[in-house]
Structure formats: C-alpha cells, structure tokens
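Engineer: Below you'll find the structure I mean.
The values are calculated or read from the model by the stated rules, or taken from the named source; none is laboratory data. Because the structure is a prediction, the values reported are computed rather than measured. So basically every Cβ, Gly included, is an ideal-geometry build from the backbone, and we count neighbours across all protein chains shown.
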Ligand code: ADP
C-alpha cells in the first residue's frame, strides 16, 4: 500500500511516500521511498528530492504559483531521475497534516466537501497554513482524481484536555467563540508518547509522560494514559515556551502598553511576537540554536542570555506539566533542538533531579536517537525520540484506510 503524506508550512512544503503492508499494522518508521521538500523565499523556490535508493534531485525554479511548485514536486514521483512510481495512480491514499482543526476535529477524517468547509471555517486561526493545506487537497484532486484523502490534525491530540486546561480565565463566552486553548504539535507528541512506551517496554496507558518538542516552534505536553491533559501552546502556537523567533508567553499587559504608548497596530505586534522575539530577539544573532551555542562559546553575553531564558522557560514548563500529571515516568526530547543538542538537554535536566530525572552525561553526548539517556538509577527515564510527524500521519492513513475502506 502506497501512502503519500503532504505536510505544508507557511514557507515550505514537505511530501513523503511510504510503502506499508496493507494487512499488517506498521510498527517502526521505515525510510520513505521518496521524500521531497520545497522552500520558498520571495517568488523563488528550491526543490530537493531524495529516494530511499539514494538518488537526489535539486532544482531552483521560478514558477507562477505555489500550486505549480507542488505539482512539479509531485511529478518528480513519476517522471525524471528520481522517478519512484510507474504512475501517480499507484498511490492508494494521501494524508494531509492540517495544522488547526478548531473545535471540530479530534480524530483523523476522510476529506469530503463538508470536511473542507469545516477546515476553511477555522482558517482565520491559521490563515497561511490552512490555505496551503486546502490547496494541497485540491492539487491531489486534480492530479490523482478520486484517491482517498485523510486529514490529520495537529490540534486533535489535545482536544481531550480537561475543560480547565482548555479554557482561558477570560470572559466565559470566549470559549463558545472559539477562543480557547487548542495546543499544537499533537501529531508528534502522540507519536513520541507511543514510541516512549514501546522503548520503556510498558503499556502506554500506565505512563505519565512529559514530551518536549523543541524545533523552530517549541511546546511541552503532559500525557497521561496516552492522552494529552495539558500543553504549553494555546489558542495559537505563540503561547508557552521561548522559541526560535517567537516570544512564547509574555504578560498581556505588554501588548496593551505597546498599543497605547508605542502606537503599534496588530500587524506590528504580530511581527514582533512571531518573528522578532525568542532566541533571535534576545541574541540579535539568529533563531538557530546552533548559532546561539556557537556565539555563547565565543563569549557573547546576549546569546548566553537567550539560551538561559530558553532553558529556564523549558524547565518551568516541565515542572508545570509534571504537576498536572501528579508525577512523571518519562521525559521525552524531540525535534531539531531536542534531538541534536546535548547541551540544551544537559542544561534543562540540571535542575530536574527533584522530579527523579538523572541524566547520564556520557549517554547524553552519544549517538542517541530513540534511546534512553537517563542513568540506570534514575527513577524516571529520559528519551531522545526522532520526530516522525510524516510517518505518524501515514500510520493514521493506514488505520483510516482499513476502517473506512474494508481492509481485506
Ligand atoms: P521545525 O520546527 O521547523 O520542524 P526542526 O524540528 O527541524 O524545525 O528544528 C529546527 C531547529 O533545530 C533549528 O532551528 C536549529 O535551531 C535546531 N537544531 C538542528 N540541529 C541542531 C544541533 N545540532 N544543535 C542545536 N540545535 C539544532
């Protein structure tokens, strides 16, 4: 069974093709047969594709629209040097990452005209992403005709959070108006919780897990019995931790002050909080943790402050999530920073021994993907788990395909 996954960002588009047995539940993530990525800067874009056999294709293109780029990317599947399929019609099912399901969606769903309208109805919550995701569905309609399409929601995993974790202590009617805590990175948090249970050799339902997704965007989730019970991102992916260019939580009074005294409008405030804050805003150097760590080693005081804030906020969030869980069995580090930065993991765990977390410094430095880096005597385990969002979406497609289309 061939599953194509589309993962659209505001300035990037990823796509992966997986092959899985139709009648056996997939367990470990296999290497994709084909992986493609488009990165946009202005009206130019670069496309890179690689296949599991090691063929690589890179192109810089100027095409008229985002749609044309995505079509071009998908046609590398059946035409040219990285051709992987005899025809696009060999694809059995297509999964889409949808960043926001609003109050409507929890579980993955088959894409129907009604589902598209419901997704479009929450587009004001994440306009760029949702536009790209709906466009992706349309492109698949055009290229593949009536292939089943499944939407998997990044907010879905958090829809079961208790009401008190979903509700802001603002006016009561905010909630009914959709102003509530949705949470994000749910696809990867859910995958990491299941993978951690597999690695620790226990039932997921018996575990209290704190999952730290630390990429360009960062969030922590508290997962009990396989369900998200709290998370740091909220109405938008701006709440919570300090991130690459996002501030995370700040006193809302600052916004009132900026509007009143600085006469900033909503667009300027959006730009400051989403694009000029976090690691970049504090260091003045970069949003990339590698640059921050390098500058810090050169003695740059603002880079050190940026890292200290990042770690301090992360430690606070882990403590908060452990408190929501009433304890902690497993801490997970995942995504770009979480998987690759031994320094950030070590700094974060430094103050967390009181939670029963003791990091083994040698294991932390080693090649550690999907491994335990806690000492033998540590009461709770610490895992570094490779983010596998696309594979998690493919797995949901496999399940949904069986459920909706009568697996033989
Ligand atoms: P996204 O949130 O866009 O999916 P990723 O999960 O790929 O991002 O994470 C990207 C971030 O990971 C980069 O901005 C960079 O800061 C960080 N990163 C990648 N490799 C390393 C490394 N070796 N050390 C520290 N940080 C790293």
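Engineer: Here are 294, 242: which of them is in contact with a strand residue (DSSP E or B) (Cβ under 8 Å, 6 or more places away or on another chain) and at pLDDT 95 or above?
Structural biologist: Working: 294 fails: in contact with a strand residue (DSSP E or B) (Cβ under 8 Å, 6 or more places away or on another chain).
Going through 294, 242 in turn, just one is in contact with a strand residue (DSSP E or B) (Cβ under 8 Å, 6 or more places away or on another chain) and at pLDDT 95 or above: 242.
Engineer: Filtering the stretch 149-164 down to residues that are assigned to a loop (DSSP other than H, G, I, E, B) and buried (at least 18 other Cβ atoms within 10 Å of the Cβ), which residue is nearest to the chain's Cα centre (by Cα)? Let's see the steps before the verdict.
Structural biologist: Going through the stretch 149-164, the residues assigned to a loop (DSSP other than H, G, I, E, B) turn out to be 154-155, 161-162.
Now restrict to residues that are buried (at least 18 other Cβ atoms within 10 Å of the Cβ): 154-155, 161.
Details: 154: 7, 155: 10, 161: 18 Å.
Among those that are assigned to a loop (DSSP other than H, G, I, E, B) and buried (at least 18 other Cβ atoms within 10 Å of the Cβ), it is 154.
Engineer: Tell me, yes or no, whether the stretch 96-108 has at least one residue that is at pLDDT 95 or above and surrounded by fewer than 19 Cβ atoms within 10 Å (Cβ to Cβ).
Structural biologist: No, every residue in the stretch 96-108 fails to be at pLDDT 95 or above and surrounded by fewer than 19 Cβ atoms within 10 Å (Cβ to Cβ).
Engineer: Oh, and also: Collect the residues in the stretch 313-339 that are in a helix (DSSP H, G or I) and either within 15 Å of the ligand (Cβ to nearest atom) or under 17 Å from the mean Cα position of the chain (by Cα) (or both), keeping them in residue-number order.
Structural biologist: Kept after step one, since they are in a helix (DSSP H, G or I), are these residues of the stretch 313-339: 313-325, 335-339.
Listed by number, the residues that qualify are 314, 335, 336, 337, 338, 339.
Engineer: Go over the candidates 248, 244 one by one and state the one that is in contact with a helix residue (DSSP H, G or I) (Cβ under 8 Å, 6 or more places away or on another chain), away from the ligand (no atom under 12 Å from the Cβ) and closer than 20 Å to residue 211 by Cα. Quick ask: steps written out before the conclusion?
Structural biologist: Values: 244 fails: away from the ligand (no atom under 12 Å from the Cβ).
One residue alone meets the criteria, 248.
Engineer: Filtering the stretch 287-312 down to residues that are outside any helix (DSSP H, G or I) and either under 22 Å from the mean Cα position of the chain (by Cα) or near the ligand (Cβ under 10 Å from one of its atoms) (or both), which residue is surrounded by the fewest Cβ atoms within 10 Å (Cβ to Cβ)? Give the steps one after another, and end with the answer.
Structural biologist: Going through the stretch 287-312, the residues outside any helix (DSSP H, G or I) turn out to be 287-288, 298-300.
Of the ones still in play, those that are also either under 22 Å from the mean Cα position of the chain (by Cα) or near the ligand (Cβ under 10 Å from one of its atoms) (or both) are 287-288.
Values: 287: 20, 288: 16.
Checking each candidate, the answer is 288.
Engineer: Right, another one. List the helices (runs of 4 or more DSSP H) that sit entirely inside the stretch 29-145 and contain at least 3 residues that are in contact with a strand residue (DSSP E or B) (Cβ under 8 Å, 6 or more places away or on another chain). Reasoning before the result, please.
Structural biologist: Values: elements: 66-75, 113-121, 127-144.
Per the criteria, 66-75, 127-144.
Engineer: I'd like to verify a number: residues in the stretch 1-36 that are within 15 Å of the ligand (Cβ to nearest atom) and over 18 Å from residue 90 (Cβ atoms), how many?
Structural biologist: 8
Engineer: What about residue 236, is it within 13 Å of the ligand (Cβ to nearest atom) and either part of a helix (DSSP H, G or I) or out of contact with any strand residue (DSSP E or B) (no Cβ under 6 Å at 6 or more places or on another chain) (or both)?
Structural biologist: Details: within 13 Å of the ligand (Cβ to nearest atom): no; either part of a helix (DSSP H, G or I) or out of contact with any strand residue (DSSP E or B) (no Cβ under 6 Å at 6 or more places or on another chain) (or both): yes.
Answer is no for this residue.
Engineer: Go through the stretch 165-199 residue by residue and tally those that are more than 23 Å from the chain's Cα centre (by Cα), at pLDDT below 95 and surrounded by 14 or more Cβ atoms within 10 Å (Cβ to Cβ).
Structural biologist: 0
Engineer: Yes or no: the stretch 211-231 includes at least one residue that is within 16 Å of the ligand (Cβ to nearest atom), without any contact (Cβ under 8 Å) to a residue 12 or more places away in the chain, farther than 24 Å from residue 127 by Cβ and not in a helix (DSSP H, G or I). Let's see the steps before the verdict.
Structural biologist: Here is the first cut: in the stretch 211-231, the residues within 16 Å of the ligand (Cβ to nearest atom) are 211-221, 231.
Now drop any that are not without any contact (Cβ under 8 Å) to a residue 12 or more places away in the chain, which leaves none.
No, the stretch 211-231 contains no residue that is within 16 Å of the ligand (Cβ to nearest atom), without any contact (Cβ under 8 Å) to a residue 12 or more places away in the chain, farther than 24 Å from residue 127 by Cβ and not in a helix (DSSP H, G or I).
Engineer: Hey, among the residues in the stretch 341-356 that are in contact with a strand residue (DSSP E or B) (Cβ under 8 Å, 6 or more places away or on another chain) and more than 17 Å from residue 384 (Cβ to Cβ), which one's nearest to the ligand (Cβ to nearest atom)?
Structural biologist: Of everything passing the filter in the stretch 341-356, 355 is nearest to the ligand (Cβ to nearest atom).
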